[in-house]
1. Take the conditions within 10 Å of the ligand (Cβ to nearest atom) and at pLDDT 95 or above and apply them to residue 35. Does it pass?
2. Kindly provide the set of residues from the range 362-387 that are part of a strand (DSSP E or B), in contact (Cβ under 8 Å) with a residue 24 or more places away in the chain and within 16 Å of the ligand (Cβ to nearest atom), ordered by number.
3. Return the residues of the range 110-144 that are more than 14 Å from the ligand (Cβ to nearest atom), touching a strand residue (DSSP E or B) at 6+ places or on another chain (Cβ under 7 Å) and over 24 Å from residue 178 (Cβ atoms); say none if nothing qualifies.
4. Given (1) more than 22 Å from the chain's Cα centre (by Cα); (2) crowded, with 17+ Cβ neighbours inside 10 Å; (3) at positive phi, identify the lone condition not met by residue 285.
5. Given the condition outside any loop (DSSP other than H, G, I, E, B), in contact with a strand residue (DSSP E or B) (Cβ under 6 Å, 6 or more places away or on another chain) and closer than 25 Å to residue 92 by Cα, answer yes or no: does some residue in the range 305-318 qualify?
6. Select, from 12, 30, the only residue that is away from the ligand (no atom under 12 Å from the Cβ) and touching a strand residue (DSSP E or B) at 6+ places or on another chain (Cβ under 9 Å).
7. Hey, does the range 322-345 have a residue that's under 25 Å from residue 222 (Cα atoms) and either outside the structural domain of residue 227 (by TED's automatic domain parsing) or away from the ligand (no atom under 16 Å from the Cβ) (or both)?
8. Filter the range 71-106 for residues that are surrounded by 15 or more Cβ atoms within 10 Å (Cβ to Cβ) and assigned to a loop (DSSP other than H, G, I, E, B); which is nearest to the ligand (Cβ to nearest atom)?
Ligand SMILES: Cc1cc2nc3c(=O)[nH]c(=O)nc-3n(C[C@H](O)[C@H](O)[C@H](O)COP(=O)(O)OP(=O)(O)OC[C@H]3O[C@@H](n4cnc5c(N)ncnc54)[C@H](O)[C@@H]3O)c2cc1C
C-alpha cells in the first residue's frame, strides 16, 4: 500500500463549537489538532453561578484531554493562537506553528463595551472562569469591608451591585446575587442592615430578554422586582468612573460593583488577520460556514456572523453546537470531493432562569414560566454539562441550596490580591477603583 498522508484539520477553540467539530470528526480518516489556550472546556451558561458563589469553578470546567479520550485521531495542544495565515494555511501560536489542510475557527466572543468611557477599566466581566472567580471574590470582599465601615454612604456603596445589560446573563446574575445577599449573606453578616444592600439591573432598551416573547419578558421583569432587584429600563450607561455610573439623561449611581453583560463581539485581534469581519468583529461567513475566498477554512459559534431569514443567529450554545457539527460534516464532504452544504439552524427554543422556582422557557411558539420552566431549565443545563462528576456535584450543590437556602462556597480564594480584600478602617480602596474614586 502506498503511504497516504491524511488531511490535517486544525480546530481553534474547545468551546461548544470546537468540541462538536471534534466529536463529529472522531474516527474519520483525518488527523485533528484541537487548540485552546486553556486545558479545559468551560460551560459558560453556568458561569454566573460561580460568580454568585453557587458553584465551584471546577464544577463547570472539564479537562479537554479527558473529553478527547478514546478519540484516537484527535490530539490536543494547549496554546494561545496569535495569528492565522490563511494564504499560507498555518496557525501561529505562542508555541509551535501548525500547518493545516482544513481549519475551523471557534474562538467564541469577547465583551463589547460599546466604547462607553471607563467601562472596560472599571466594570467586571463575565466571560471566563477567572473573571467569575474574581467577581465572586470581589462581592464577598465588599461584604467583609462593609461589616467594618462606619460611614453610611460608603457602606451603601459597598453593598450596591449594578448589573449592566438585561439579556439572559444580566437577568440570571441579578437574580442569583439578590438571592445570595438576602439568603446566606444576610445570615453571615447579622451586624449589617440589609436595607442598605441593593441590586440594580440597567437595560438600555424598554424590555428585558430581547428576542424572547413579550409574555416571558413581562414575567421576568415582575419576578426580578419581586425579588428586590431594582430594574431600570431605558437606562443606558454613558460613563463609568470609579464607583460612579453615569446614565444618559443625567442620573448617576454609586456602586462599588459594576458587572458588564451588555454586549459581545469577536476577538479584536482577528481583524488584523485579514478576515472579513463586520462592525462588532465577528466573521461574516458563507452559507456553508466557509470564510469567503478560503474554501478550506470555516468559522463556527459566536465568532461566526450568520444571517438566516434576514436576521442574525443568536450567540448561544445550540447555534455553536450545530455549526460545529455542520462545519465538520462539510469538511468530510470536501475530502470526498463533494460540495459543502448550506447550514440551517434548528431552533429548539430559548430559556433563562430568574431564581428559585422561576424561569422562562420558549419551545417553538409555546411559552412556559414558573416552577415547570425552572425544572426544564435545570434538566437541560445538567444534560449539556460535560462530565458525570460535574453533573453530580452541580446537582448536589443545587439540592443543598434549594433545601437549606445555603450556598456551598463562599471562600475568598485565591486571596493573593491584598487590595481586593483590604479593610483599613474607613478607607475603602480596591485596585480596580482607585484611579477614579
Ligand atoms: C455568562 C454567559 C452565560 C451564557 N448563558 C447561555 C445560556 O444560558 N444558554 C446558551 O445557549 N448560551 C449561553 N451563553 C452563550 C454560549 O456560552 C456561547 O454562545 C457559546 O459558548 C459559544 O460557543 P463557542 O464555541 O463559539 O465559544 P466558547 O464556548 O466561548 O469557546 C471558545 C474557546 O476558544 C478558546 N480561545 C479563544 N481565543 C483563543 C485563542 N486565541 N487561542 C486559543 N484558544 C482560544 C477559549 O479558551 C474557549 O475555550 C452564555 C455565555 C456567557 C458568557
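1. Yes, satisfied.
2. 362
3. Result: 113, 116, 117, 118.
4. Residue 285 satisfies all of (1) more than 22 Å from the chain's Cα centre (by Cα); (2) crowded, with 17+ Cβ neighbours inside 10 Å; (3) at positive phi except (3).
5. Checking the range 305-318: at least one residue is outside any loop (DSSP other than H, G, I, E, B), in contact with a strand residue (DSSP E or B) (Cβ under 6 Å, 6 or more places away or on another chain) and closer than 25 Å to residue 92 by Cα.
6. 30
7. Initial filter on the range 322-345 (under 25 Å from residue 222 (Cα atoms)): none.
The answer is no, given that none of the residues of the range 322-345 is under 25 Å from residue 222 (Cα atoms) and either outside the structural domain of residue 227 (by TED's automatic domain parsing) or away from the ligand (no atom under 16 Å from the Cβ) (or both).
8. 106
The values are calculated or read from the model by the stated rules, or taken from the named source; none is laboratory data. Quick caveat, the model's predicted, so the values are computed rather than measured. Neighbour counts are summed over all protein chains in view; Cβ atoms, including those assigned to glycine, are modelled from backbone coordinates with ideal geometry.
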